[in-house]
Amino acid sequence: MSKPRKQIHLAAHFPGVNNTTVWSDPRAGSHIEFGSFAHFARTAERAKFDFLFLAEGLRLREQGGRIHDLDVVGRPDTFTVLAALAAVTERIGLTGTINSTFNEPYEVARQFASLDHLSGGRSAWNVVTSWDAFTGENFRRGGFLPQEERYSRAREFLATAGGLFDSWHGDEILADRATGAFLRDARAGSFVHKGHHFDIHGQFNVPRGPQGRPVVFQAGDSEEGREFAAADADAIFSRHSTFEAGRAFYRDVKGRLSKYGRGQDELLILPAATFVLGDSDAEAAELAREVRRQQVSGATAIKHLEFVWNRDLSAYDPDGPLPDVDPDPGEHTVARGRAQVRMYRDPLATAREWRELAAANGWSIRDLVIETGNRQFFVGSPSTVAAGIDDFVQADAADGFILVPHVTPGGLDVFADTVVPLLQERGVFRADYEGTTLRDHLGLAHPDARTPAERAAS
């Protein structure tokens, strides 16, 4: 007996200005005006996506002490944007990235509980940590935490916020006009937390939201990140872009769930995915090549090479050969705040590999960056892309995808109009929302704040 076909989860990421977007494209709009966010969110909702996702940047990144042109816009405040979007959408989930290194549990819990009420149960929290002192300079504490401390703080941060969400059970508001009694229990919202990172107590001032708790996402591929997701997250973002790497990641993370008493369906794995669509596979492939050259200008290619070489390469011709000088493996980095610098653990070995590739293929610096950088995940006609997405999910290489168009805000429209109907015809994607909350869309249970004894007594 064949197993039933899995339902695909789809989400949309508004990327802002970075190396994925082609802001110079004539079709591109503002990356900070509300109209762009509203257009993007409404398109995702029209296509019946699970949620919209916003990343977060707490400091503009630098290269050689100067702001790189791909990061000058930064990102507007996440909660402000999501609260505004709650007013112009009805069903789409609203996911925000909020940092656990430089915020406080009470404030973040209050903001997410408020968003859950304002949106009718559509809020989600992507829990992230910060790894660099550069970002920490914007905050009173300054500095940064080593990796083991970052995840220790993140786990306690999430547990503390969970206690705040659960300090209201959901049945405390009586609002009896005849007697004038508003609460059944004057202790509603009471909490106490004493731990290594936080020592707080009081009464939480936002009643329990429609979802109980916001959906929790986690983005991280380290050993600590995988364990954190398996223990506490509802979904994890994955950067694995090949079929076999995706299946390996899927098996690894899902295999960790049982020791935390969780089932396979209690954690969704959702890789980010770019796409290029054309009337035919050949046309899409040609468009993808054009997009990559738009994404990687000569100046951008030099900046990317500096991630590895860790030295100023502005004198080099991006259409010329790779530098003959070796990378500087020192602790100081010319690319402050950029996560990419952590990807190259052995810059000398990476430089040797890249020189060999460039020599074998006749590549310039720009060619190398284009060919070795992030490529479009799904390229082809709508039918080819629909089949590719379905194959990934049915083979347990993912539970769905977070789509990142290279043009915003309108780059999602063609996917919604051409690929989504084909997935619906295959019977693997919803024709309409069946519930009202994000937990409904994702097939996740609504948590009960009460203890077993309290539930038995009710």
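What does the charge count around residue 393 come to, taking other residues whose C-beta lies under 12 Å from its C-beta (Lys +1, Arg +1, Asp -1, Glu -1)?
Details: positive: 5, 6, 247, 426; negative: 390, 391, 396, 399.
Cβ neighbours under 12 Å give a net charge of 0.
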(request) Calculate, in whole percent, how much of the Cα-Cα pair population of the chain lies beyond 38 Å. (result) 26
(message) As a test, work out the antiparallel percent of DSSP beta bridges whose residues both lie in the chain, rounded to the nearest 5.
(response) 25
(request) Enter the mean projected area of the convex hull around the alpha-carbon atoms of segment 82-215, in nm², rounded to one decimal. (result) 9.6
(request) With unit charges on the beta carbon (Lys/Arg positive, Asp/Glu negative), name the residue among 351, 203, 123 whose Cα is farthest towards the positive pole of the charge dipole of the chain. (result) 203
(message) Which GluC sites (Glu not before Pro) in segment 289-334 sit in a loop by DSSP (not H, G, I, E or B) and have at most 13 other Cβ atoms within 10 Å of their own Cβ?
(response) 331
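I'd like to compare 201-211, 318-328: which one has the highest average count of other Cβ atoms within 10 Å, and what's the full order after that? Don't skip to the end; give the middle numbers.
Numbers: 201-211: 17.9, 318-328: 14.4.
Going from most to least packed, we get 201-211, 318-328.
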(request) Considering only protein heavy atoms, with the full assembly of protein chains and a 1.4 angstrom probe, order 62, 425, 266 by accessible area, largest first. (result) 425, 266, 62
(message) Rounding to the nearest 10 and keeping the result within 0 to 90°, find how far the Cα-based axis of helix 413-425 lies from the longest principal axis of the chain.
(response) 70
(request) Could you order peptides 437-444, 249-256 by the average number of other Cβ atoms within 10 Å of their residues, highest first? (result) 437-444, 249-256
(request) Please give every one of the lysines within straight-line cross-link reach of residue 303, meaning a C-alpha to C-alpha distance under 25 Å, and leave out same-chain neighbours fewer than 8 residues apart. (result) none
(message) What does the net charge come to around residue 425 if you take all other residues with beta carbon closer than 13 Å to its beta carbon, with K and R at +1 and D and E at -1?
(response) +2
(message) Just the number please: accessible area per residue for the chain, 1.4 Å probe, all protein chains included, in Å².
(response) 46
(message) Please report the net charge: other residues with Cβ closer than 10 Å to the Cβ of residue 92, K and R +1, D and E -1.
(response) +2
(request) Any chance you could look up the accessible area of residue 417 with a 1.4 Å probe, heavy atoms only, rounded to 10 Å²? (result) 90
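Expected output is a single nm value to one decimal: the length gained when fully extending between residue 242 and residue 221, i.e. 0.36 nm times separation in residues minus the C-alpha distance. What is it? Walk me through the numbers on the way to the answer.
Working: separation 21, 0.36 × 21 = 7.56 nm, distance 1.49 nm.
The residue 242-residue 221 span can extend by a further 6.1 nm.
Just by accessible area at a 1.4 angstrom probe, what is the order of 433, 260 from largest to smallest?
Greatest to least solvent exposure: 260, 433.
With the contact rule set at Cα under 8 Å and sequence spacing of 6 or more, what percent relative contact order holds for the chain? Can you show the working numbers first?
On the way: 818 pairs, mean separation 105.2, N = 458.
This gives 23 percent for the chain.
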(request) Anything over 26 Å Cα to Cα? Flag those among 48/259; 3/254; 6/48, in the order listed. (result) 48/259
(request) Determine the calculated [θ] at 222 nm for the chain from helices alone, applying -39500 (n - 2.57) to every DSSP H run no shorter than 4 residues and normalising by the residue count; nearest 500 deg cm²/dmol. (result) -11500 deg cm²/dmol
(request) Arrange the peptides 99-110, 357-368 so that the one whose residues have, on average, the most other Cβ atoms within 10 Å appears first. (result) 99-110, 357-368
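Would you mind telling me the share, in percent, of accessible area of the chain contributed by carbon and sulfur at probe 1.4 angstrom? Walk me through the numbers on the way to the answer.
On the way: 10570 of 21010 Å².
So the carbon and sulfur contribution to the accessible surface is 50 percent.
The values are calculated or read from the model by the stated rules, or taken from the named source; none is laboratory data. Bear in mind the structure is a predicted one, so any value in this text is a computation, not a measurement. Here Cβ is always computed from backbone atoms with ideal geometry, including for glycine, and neighbour counts include all displayed protein chains. The accessibility values were calculated without ligands, DNA or RNA, using every heavy atom of the protein model including side chains. Shrake-Rupley method; radii C 1.70, N 1.55, O 1.52, S 1.80 Å.
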